[in-house]
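Reviewing the structure listed below.
Values in this text are rule-based calculations from the coordinates and carry no lab data. All values derive from a computational prediction rather than experimental measurement. Quick reminder, even Gly has a Cβ in these numbers, built from the backbone with ideal geometry, and neighbours come from all protein chains shown.
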Amino acid sequence: MLAFLIRRLLQAVPTVLAVVLVVFVLFSVVPGSIMSSMDGDGRGATDAQVMERMRKQLGLDDPIYVRFGAYISKLAMGDLGTSFRTREPVTSMLAKRMWPTLQLIFAAMTFAILIGVPLGFIAALRPGSLADTLSMVVAVSGLSMAKFWLGLLLMYLFALKLGWLPSFGYGDGGLKYLLLPAVTLGVSPMALLARTTRAAVLEIMTADFVRTARSKGMSETRVVKWHVMRNALVIILTAIGLQFGALMGQAVVVEKLFSWPGIGSLLVDSVLQRDIPTVQGSIFVVVLFFLAINMAIDLLYGVIDPRIRYS
Amino acid sequence: MTSPPLIEVENLRIDLADRSGRVAAAEGVSFRIDRGETFGLVGESGCGKSITALALIGLLRHPLSIGAGTIRFDGRELQNLSAAEQRALRGNRIAMIFQEPMTALNPVSPVGRQIAEMFVLHKGKDWSEANRLAVEALADVRVPAPERRVKDYPHQLSGGMRQRVMIAIALACSPDLLIADEPTTALDVTVQAEIIELMRNLCAERGTAILMISHDLGLVANVCRRVAVMYAGRIVEERGSADIFRAGAHPYTRGLVDSLPRLGSRAALGRTRLTEIAGVVPAIADFPDGCRFNPRCRLATDICRTTAPEITPLDAGGLVRCHHHA
């Protein structure tokens, strides 16, 4: 287990380095910088001398490999640089934003798992029934709805019409504020999980060992509980892992929509302001999160499927 | 004929539903097995032997279903039992071993647990007691170090070991009937002999009757007292196993026997070709009229192409379904 963990951690290093390199190069070659945005994009809003001094100060005149070298050596010490905008260390900005994003993502995933997996099971156990059709209608609509639109609908209904929940903002960070953004974010992974679960269970129900279980004289409920569930879990877990990654990206839209003070909205704002260190830092954190989730899923595989543990 | 048979199948028809309606995948299947008896069902792939077995244990699933006929187990008609009553028989009094020990066991559950389930389901044991009994059951099928092996997962065992686990599961509740559907087809030849021997001995100890299903006539005749040969969904001949080798009455049976290689035949007869049965087994939807074997039969005459032969008793004992039987 420990050897596996160490191997996985070492494997993650090149991935992280590659991502850092790509992000760094990409934001160095795209047109526009903090300078041009301060300059009113060429309308000469700022004094030329001030601009020159700032450029020196931020190190924007150095060749790209010098800047990358400096970035990497600072990164190795856990320093993600200083925001161009706020002059705050990027790490402390991210630290403030991390918790709301994690809250949002885990709440959305919890919603997706609690609704999606049972829905998929119900559909698979009675294929072709009304329950199957209904749950798949829910799943397909959940997949097809744009998040910003669904979010607006929920806001309209629960905040404006019914007045049960606040329409946006983080407030005290309580469940009341979390609910709408989490559901908005959770609907599409919920739909995907429902479909994946249904497909997985349907496939496992035709397996030989299910026939063996039936030949033992088990009720269908027991067959599912004792033999189908754990096997389906292996497949469902893969889907959950993939969805976590996707959620990190989708959170950007939802955070923006609900003015949720997370990494996603920080990322969008920083891109608009060409605050390159903050953009790089945010993406770095997202990538780390993604890798951590993948690793956790890999470890969980080993717990569920003995074939992975030993081979 | 004094005691009632353990299981009696009468005129069983198994329907296969497809888009165009229903076709009979097996029909007119009748046989009986006495307590402790060994009975073999032989035929090529797709002749209906496996689905007959599934019908006996009540595991036919859509698109297959019982179309007609009766299955009486211990005097009770299986079709009249409720789902719960059927489940109480299944595994407990009728057990089944499947062909593929690779896939027939749950890959993510320890084998001991898969055996222990039987005691929980049918003997009202709690898990700790059931687990203890599972160790004994594994010892019964001659698995070395059973107290360690119960914790193993199927992928950690060899094919032969897995089939032993399957036998342990099937015989856990000392059933009255064991259905063995090609139990050794997926195994090495040397392991085959061990598994068959084990199965026979354990069943003999428990007084368990065996219904052995195989395409291997030699194997079945070796294990079973009586053998029925199936072709294209019908039983074409039923005999004592010695008779079937010596003097098969149905042309198909003779074809099967003749197509077996014989030890020493080269010394006696010189280099000869193995005999084969010309043609192939028809698909279920294209079963020919009359006798279903007629397109491949050397003895076929007009009546064979129009009228299906009835099952008729032979003077020497046994039954045959042929207009021209020997």
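Some values worked out for this structure:
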quantity	calculated
Reciprocal of mean inverse Cα separation for chain B (Kirkwood radius, Å)	21.0 Å
5 angstrom amide H check on B:L41, placed H, neighbours 5+ away	B:M212, B:I213, B:S214, B:A228
Inter-label distance, nm, simple model (7 Å from Cα along the C-beta direction), B:S265/B:A139	4.7 nm
Estimated dipole of chain B in Debye, rounded to 20 [Cβ of Lys and Arg +1, of Asp and Glu -1, Cα centre]	380 debye
Computed magnitude of the charge dipole of the protein assembly as shown (debye, nearest 20; Cβ of K, R +1, Cβ of D, E -1)	480 debye
Dipole axis of region A:93-310 (+1 Lys, Arg; -1 Asp, Glu on Cβ), positive-most option in A:P189, A:V253, A:V287	A:P189
Cα coordinate range in region A:93-310, projected on the principal axes (Å, largest first)	65, 47, 27
Chain A: most fluctuating residue of A:P261, A:P63, A:P127 per GNM, C-alpha cutoff 10 Å	A:P63
Principal semi-axes in Å for region B:1-43 [√(5λ), Cα gyration tensor, largest first]	29, 11, 7
Among B:W127, B:P144, B:M199 the positive-end extreme of the charge dipole of chain B (Cβ point charges)	B:P144
Span from the region B:183-234 Cα centroid across to the region B:106-182 one, whole angstrom	20 Å
A:T206 versus B:E205: modelled label distance in nm, points set 7 Å from Cα along the beta carbon direction	3.9 nm
Relative contact order, percent, chain A [alpha-carbon distance under 8 Å, six or more residues apart]	24 percent
Kirkwood estimate for region B:137-201, i.e. one over the average of 1/r between Cα atoms, Å	12.2 Å
Shape box of region B:88-245 [Cα atoms, principal axes, largest first, Å]	49, 32, 27
Radius ratio Rg over Rh of region B:266-326, counting only Cα atoms, Kirkwood formula for Rh	1.10
Rounded to whole Å, sorted largest first: equivalent-ellipsoid semi-axes of region A:174-281, Cα gyration tensor	43, 14, 9
Zero-based 5 Å bins, Cα pair distances in region B:176-301, whole percents	2, 9, 16, 18, 19, 16, 11, 6, 3, 0
Fluctuation leader among A:V30, A:V117, A:V201 - chain A, Gaussian network, Cα springs under 10 angstrom	A:V30
Relative contact order (%) - criterion: Cα under 8 Å, at least six apart; region: chain B	20 percent
Calculated over the protein assembly as shown: convex hull of Cα atoms, volume per residue (Å³)	250 Å³
